[in-house]
Amino acid sequence: QMHDKAITIYLNDEWNYKDGGLFQYMDKDIKTIIPKYNRGVIQTGKVEHSTTITTTNAPIRKSIQIF
């Protein structure tokens with residue numbers, strides 16, 4: 001199901017970008033947001049986005065999703 005708006009709040013105390021799990025979206029070109037504790041990402045207008053895969057030894061990437 002598509003939603004018009006969404007919020008992601010990252011909960012890991014620490015996250016190494018080399019572990020993957022990065023949020024990416026299109027804004028003329030690809031932009032990347034690294035998960036950081038208590039960082040919120042707000043999506044509106046059905047922006048094309050994805051998340052990079054995590055490495056096999058990455059910790060579980062914890063987040064809250066609000067739609």
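Odds and ends about this structure:
- Filter result for Ile33 (in contact with a Phe, Trp or Tyr (Cβ under 7 Å, 6 or more places away or on another chain), of a type outside the set (Gly, Ala, Ser) and either surrounded by 11 or more Cβ atoms within 10 Å (Cβ to Cβ) or in contact (Cβ under 8 Å) with a residue 40 or more places away in the chain (or both)): yes
- Index of the failed condition, Val47 passing every other in (1) of a type outside the set (Phe, Trp, Tyr); (2) under 21 Å from Glu14 (Cα atoms); (3) in a loop (DSSP other than H, G, I, E, B): (2)
- Among (1) loosely packed, with under 11 Cβ neighbours inside 10 Å; (2) part of a strand (DSSP E or B) - the single one Lys18 does not satisfy: (2)
- Scope region 12-50; condition polar (S, T, N, Q), out of contact with any helix residue (DSSP H, G or I) (no Cβ under 9 Å at 6 or more places or on another chain) and modelled with pLDDT of 95 or more; matching residues: Asn12, Asn16, Gln24, Asn38
- Whichever residue in region 54-67 is assigned to a loop (DSSP other than H, G, I, E, B) and either of a type in the set (D, E, K, R) or within 11 Å of the chain's Cα centre (by Cα) (or both) and, among such residues, is modelled with the lowest pLDDT: Arg61
The values are calculated or read from the model by the stated rules, or taken from the named source; none is laboratory data. Because the structure is a prediction, the values reported are computed rather than measured. Ideal geometry is used to build each Cβ from the backbone, glycine not excepted, and the neighbour counts take in all protein chains shown.
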